[in-house]
Amino acid sequence: MRLAYFPGCKITFGLASYGKAVEALMAGLGVSLVRLPFNCCGNPARGKKLAASVLAAMKNIALAQDKGLDILTPCQCCFGQLKHGRHWYETRREIREKVDLALAEDGLAFRETGLVHDAASGRLRERPVRVRHLLDFLYREITPQVLAGRMKMPLKRERVVLQQGCHALRPYSVTRFDNPFAPRIFRELALASGLDVLDWSKEIECCGDPAGDTHKDLAFRMRRDKLASAAAAGADYICTACTHCQIQYSRPVPGDAGHVRAIPFAVFLGSALGLGTGGVEAWKQDGV
Amino acid sequence: MVIKTALIIVLVLCAAGLVFRFSSLARLGKVFNRDRQTLAAAVFRLDYAGILFNTLLQVRLFRAGKFRWLAHGLVFTGFIYLLAVHALDEWTQNFFAWYQPGIEPFRFLRNLAGAMVGLGCLIFLVRRVSRSRINLERLRRGLRFRVRGTVSVVVILCLIGSGFVAECLNIASEYRFDEMVEEYSDLSGEPELVHLQAYWARDYHVAFREALTAATDGEGETQPIDLEEGRELNEAYCLECHTRPDTAFVAAPLARLAGPLGARAGELRPDRVFYWLHVGFAFVLLMFFPFSRMFHLVAIPLATARRRMSPDKIDDTMGVLDLAGLSACTHCGFCSQVCSVYPDYQVSDNPQVLPHVKIETLKRLAGKGIWDPGVVMRLRSGNDDCTRCGLCADICPSGIDLVRLWTAADALMDRLGCPGNYTTAMDASFRQWTGHGHAGAVVQGNIRNLPGQIDIREGAGAEAEGLSGLINQAEAFEHCVQCTLCTNACPVAAYDLGQNDFGPHQVMNLLRLGEAQMASGSKMVWHCLTCYMCQEVCPQSIRVADILLELRCRGQARAAELTREQLKGDSG
């Protein structure tokens, strides 16, 4: 299986350890990740210049299309934005014209379909390039059953709550990821990995990271409250599947927020499969 | 003597320039030292391997671009050799007792080194004119300082070129030959001199004006040219310092070509003219060293000497500008080729998105303050687009800690009074933002601005979104029934209760009142976390979150307008 790997901006500089865990996990599952000269997904430009954010997304998609590969990203914000960019491209004529011109500048062009390497069959098929999130890929291509059968070093039943993350779930009309109010992909994967998944009232609520650079106080309060409520729910860890959620929970919090730490799902799964994904123990100690 | 005096003057000027450069860096540094400890930590964490590998072997450049590394290596090694063995031969010949500029291997090595430097510089020039990923036309519009980067290269090319020309004219010059004969031999007349001349004309490419056919001896008898005797005389007087010049693979063929021309201009001593030109170019290069691109020879080792800041430490160094890093940039443009937000530049046409442009502006800003509000605001905007992905710093051949610079740039602009759009939007009063007297007056005065009729002037802020934008289409929000489901689902409303102004449903209502401008300044719009909960729960299928984001896009333009007014007010 081959996919174009889209780590996103935050992994390359701020959260390299998450990127390494994802790469090790994929290598262990026999998926080869191809590095393309991708740029930013466009998410940060959403509130500044919509056309720029759409161009950024479409350039990545056109690049992957050129190579005939689907895109795999471990970041939900990148995932959501790549989907959203394409949505705006298809529904806004003015933006599409602008984007097409800019793509042509780099010798690229967007096509509805093209010959794409199909992850499941390994053959080339004429179809649109698909954007996959790590969870969605694990759930639909690898499947929780197969994963459960490959567990080598079953985890001790860590008590976790899941931070579902927003941009993959919502808006469903654009992302088509999972049920936006009662998601089950992440839960099934976590259960298959041997985690003790607890119910948490704030599971599908935003982590607060987007305010981290501007309204720091808001981000801080959300982080504190969510960590405390996860502790109250009986969890030891918040399991994340998005770079931004992980970064948000890794920022400083006061001592009274409880003992809960965030660990990416890729790290849990990698450990359960006996792969060198950094090890849960290391993450328990230093966070990032 | 003249050269020595000139050299001393030039060296003094160069040293003064260096002192000026470093003292101005230190002065700038003082402005930004937020606290000494952070600075000390930043300065003294040295990276010894980095200094060694990056300065001498340029490993980072090798990783970034093999071809450019090769070109750079040609210039670097060639130049170092020429500097040590050729320019400073008076001192360095003590290390090789047999040194003479006219014998092997020095003549060959000098030509080789010169050719290397020349070839490398030519590659630089060609590459500067043609860039791969970055569209040249766009850059031409944005970058006037491009020219400056080529000046040093051109001066070096002139230096090398004049050197080769001087050497070839020197080889061919009859006058030079006569001078040497007078100084180093006791030959004063024919026929011996003619034999030697003939030998030198054949083997040493000296161009004599008169054809050497026969020699006349003391008694007036002519005898044929005896090259064998010429060879013996050559061995006796010349060979110690002059081997055959054919190994000078650049100068010797040139001498054969240019010799006759030089001979015709003989009285003017073109060999001397070019010698002095050669020295002159060397002095120019030396004199302007501290102020030209050549300064990177000093700055890069300084910049690579510091360890890069890790992501978690970077916020602690907010106020500290890495000044060695600022000077180490050679505008190679690798950073802009890998820049993650290059698409932002394509859409906004703001060159200040690109790292290698930002660093130049930042340097000016650090030195002069806000000298041009327009440029500084573009820098602020471009730096705001940056996602801090660190790809620029990863590829930077000079090893500049760029992410740290971008963080420091924001702090610097905050200090100098050029806030980002977010800050402006949060600080602006309602009256400033809308440009109206009070809330009531707005609603009264703008009642004609019904949704769907919002004019182009107001829509100007959202030009990229065009009139197809959701906020410009009444049907995108007019069905709102004010049920408040969105506000109840909104984490900003929940966590920021005391500080937030409107809930999402109230923002929708402002739109229905035709008050897009007012809505675009609301805290709700700027603090929206884009979790899309409001949009997902809306029973009327209104794209609430997308509308909030579009309003923020429009608000950016208004905020920039306010900042511009503010800055103009400050300077005027």
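Observations on the model:
- Relative protection proxy for B:379-389, B:69-79, from highest mean packing down: B:379-389, B:69-79 (other beta-carbon atoms within 10 angstrom).
- Drop in accessible area of at least 10 Å² in the complex versus isolated chain, residues of region A:48-63, 1.4 Å probe: A:K48, A:K49, A:L50, A:A51, A:A52, A:L55, A:A56, A:K59
- For A:V34, residues with placed amide H under 5 Å, excluding near neighbours: A:L3, A:A4, A:Y5
- Accessible surface calculations at 1.4 Å, restricted to protein heavy atoms, place the protein assembly as shown at 44 Å² per residue.
- Accessible area buried, both sides summed, chains B and A with 1.4 Å probe, Å²: 4500 Å²
- Carbon plus sulfur fraction of accessible area for region A:62-193, probe 1.4 Å, in percent: 51 percent
- Prolate/oblate/rounded call for chain A, Cα gyration tensor, a/c under 1.5 rounded: oblate
- Angle of helix A:216-232 to the longest C-alpha principal axis of chain A, folded into 0 to 90 degrees and rounded to 10: 50°.
- Average beta carbon contacts from partner chains per residue of A:81-88, 10 Å cutoff: 1
- Size estimate for region A:32-162 follows the Kirkwood approach: the inverse of mean 1/r over distinct Cα pairs works out to 16.2 Å.
- The residues neighbouring A:D256, those whose beta-carbon lies less than 12 Å from its own, together hold a net charge of 0 under the Lys/Arg +1, Asp/Glu -1 convention.
- Ordering of A:148-155, A:119-126 by packing [mean C-beta count within 10 Å, highest first]: A:148-155, A:119-126
- Straight-line cross-link partners of B:K523 among the lysines, defined as a Cα under 18 Å from its Cα and at least 8 positions apart when in the same chain: A:K48, A:K216.
- Hz values of 3J(HN,Hα) by residue in region B:417-427 - Karplus curve (6.51, -1.76, 1.60), Gly and Pro given as x: x, 10, x, x, 4, 4, 4, 4, 5, 6, 7
- Expressed as a whole percent, the proportion of Cα-Cα pairs in region A:90-143 lying more than 13 Å apart is 71%.
- Peptides B:14-24, B:539-549, A:201-211, ordered by how many other C-beta atoms sit within 10 Å of their residues on average, highest first, read A:201-211, B:539-549, B:14-24.
- Cα-based shape type of region B:324-422, given that a ≥ b ≥ c are square roots of the gyration tensor eigenvalues and the cut on a/c is 1.5: oblate
- Charge context of A:D209, other residues only, Cβ under 10 angstrom, K/R +1, D/E -1: +2
The values are calculated or read from the model by the stated rules, or taken from the named source; none is laboratory data. Treat the numbers as computed from the prediction; the structure is a model and nothing was measured. All Cβ positions, even for glycine, are placed from backbone atoms using ideal geometry, and neighbour counts span all protein chains on display. Protein only, heavy atoms only, side chains kept; ligands, DNA and RNA dropped before computing areas. Shrake-Rupley method; radii C 1.70, N 1.55, O 1.52, S 1.80 Å.
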